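What follows is a short report on a single structure.
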Amino acid sequence: MRQAILLFAATAAGFVTPRAAESQQVPIVHKGAAQGAVQSWWDALPDASDLLSAVEGRITESVHRVDSILRRPFGSDHSEGEEDNDDDDEHSHPPHHGHHPPRGDPDKTIYELIKESKHTTKFAKLIEDYDEIKQLLQDTKHNHTLLVPTDRAFRRIPRHHKGKHGHDGDDNNDDDGDDHKPPKEFVLALLKYHLLPGLHSWRDILSAQTLPTELQPAGLGGSDKHPQRLRVSATPLLHRVTFNFHARLLAGDFVAKNGLVHAVDAFLLPPPGQATLVRLLPGTFSTFALALERTGLVDELEASKGGSDRVGGTLFAPTNHAWAMLGPRANAFLFSEWGRKYLKALVKYHIVVNETLYSDAFYRPDDDGEEDDEGVADYRHVDLPTLLDDKPVSVDIKTWRGFVSIVVNGFVRVVVRDGVANDGVIQVVGKVLIPPRQHDGDGHHVNDEDISVEELKGRLEPYLETESGAYQEGMGDL
Ligand SMILES: *[C@@H]1O[C@H](CO)[C@@H](O)[C@H](O)[C@H]1NC(C)=O
Ligand SMILES: *[C@@H]1O[C@H](CO)[C@@H](O)[C@H](O)[C@H]1NC(C)=O
């Protein structure tokens with residue numbers, strides 16, 4: 001858990017680290033034998049405690065940042081892509097996409113390209129210890145697309161105290177434990193998260209909402225099942241691309257014999273689970289986090305992931321504002337002792353297990369790991385069964401020139417799409433989802449704002465769990 005928080009903290013720090021006015025063109029140029037000055041990986045990576053203290057203050061800021069993103073008007077389809085516009089007026093120049101001669105070297109593998117570039121020395125050094133990654137980058141039987149953090153990206157990670165690791169020989173000394181060096185599996189996962197199967201040109205990425213990577217976490221089914229995806233937000237007219245809210249695509253389309261290379265300005269950290277993400281953004285989700293805990297459903301989300309119980313899932317997470325819109329009476333009731341079983345039914349209606357719906361891909365348990373993103377037509381309708389007796393929520397996804405609109409149950413907007421997690425995806429909804437009245441097809445079209453307690457009870461009554469002692473026990477576990 002601590003690890004996950006640190007990882008997220010680093011991600012969060014990425015929200016607010018002022019971006020250097022970095023050149024939009026970072027050519028992968030060949031350089032001579034001047035590798036001597038390459039700093040070791042450990043010199044560039046902080047130890048965990050330093051990282052934590054360096055970013056603690058920034059977490060708060062970044063949450064505010066996310067909050068402000070969430071609070072923007074999402075009434076139009078233009079919300080997407082504007083979310084990263086506010087802090088970078090000075091370096092919003094579009095890359096000269098389409099006007100440059102082919103870059104890279106089609107006779108060299110991706111591995112050779114990054115070994116020879118003077119902008120990727122740190123990444124090149126890092127992968128040396130990971131044969132699996134080296135092989136993928138040298139493999140000419142398959143094409144890959146590498147998102148390579150530039151040497152500057154390493155500098156965005158706060159430095160640790162010099163002298164803790166005198167030289168590379170120390171690296172094998174495990175006495176320091178996790179506090180000083182990320183475990184090898186973590187670094188391997190981190191590296192895999194930068195590598196995408198297949199060819200993804202800058203142009204292709206501009207029209208993507210999410211992209212698959214070589215990382216296959218247990219929570220999504222493990223190896224040969226569903227890949228961990230990256231969230232892409234693009235501003236098509238400016239050719240600007242941001243991954244997972246914080247990493248900017250700097251320069252791209254370097255051609256290699258076995259794929260393409262794009263440079264990014266920050267590390268892409270493998271995301272934690274759904275429940276952790278909800279907990280880490282209290283400015284947006286504290287009410288939902290409380291609801292998950294009071295009902296014991298948070299345990300269900302966490303305990304079952306990656307086990308036989310569940311493989312991926314879609315969590316419709318209402319913002320604090322969404323809860324507030326239910327009105328004070330409904331909230332007082334739901335969060336009271338006698339409202340608890342109603343709250344549980346309500347929260348269940350926001351949880352879909354085993355089916356992971358991104359705006360441009362859909363993972364289902366029986367689909368052999370083949371990702372389903374070909375049906376990314378302009379319009380798609382999916383009904384997802386929730387934990388509430390499989391009562392479905394309906395989802396309509398519309399795509400138009402790179403903009404996406406997702407609407408749940410006919411009128412609830414997804415205000416932030418595709419929050420990738422290692423056990424599914426979070427779709428942030430602008431209203432709490434309330435199951436429609438039974439025997440009333442149009443029930444879900446009524447306005448749920450300031451809903452009366454009687455109405456709320458009536459809608460949830462058919463789904464209440466019967467055993468009376470269950471909730472007491474649930475409390476004991478918290
Ligand atoms: C990799 O991509 C290139 C360029 O599109 C293509 O010619 C080649 O056949 C691909 N290689 C493999 C192994 O798919
Ligand atoms: C989800 O899938 C797992 C593994 O296939 C299965 O054991 C479990 O019953 C499923 N859960 C639901 C709620 O369908």
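Every read-out reported here was derived from the displayed coordinates using simple, explicitly stated rules and does not represent laboratory data. Computed from a predicted structure; not experimentally measured. FYI the Cβ positions are ideal-geometry reconstructions off the backbone, even for glycines, and counts take in every protein chain you see.
For K108, the residues whose modelled amide H falls within less than 5 Å of its own, excluding neighbours fewer than 5 places apart on the same chain, are K257.
Stretched out straight at 0.36 nm per residue, the stretch from D299 to D139 would grow longer than its current Cα-Cα span by 53.4 nm. For the stretch 212-289, rounded, prolate or oblate, judged on the Cα gyration tensor with a ≥ b ≥ c (square roots of eigenvalues), a/c < 1.5 rounded, else prolate if a/b > b/c? The shape class here is oblate. Extending 7 Å from Cα along the Cβ direction at R103 and again at E337 yields two label points whose distance is 6.5 nm. Put simply, the amide H of R413, placed in the peptide plane, has neighbours under 5 Å in V408, G430, K431, leaving out anything fewer than 5 places away on its chain. For the residue pairs K134/K398; K225/K341; K141/K225; K141/K398, the alpha carbons lie more than 30 Å apart in K134/K398; K225/K341; K141/K398. Between V382 and D450, the modelled label-to-label distance comes to 3.6 nm, taking each label 7 Å out from Cα in the direction of the beta carbon.
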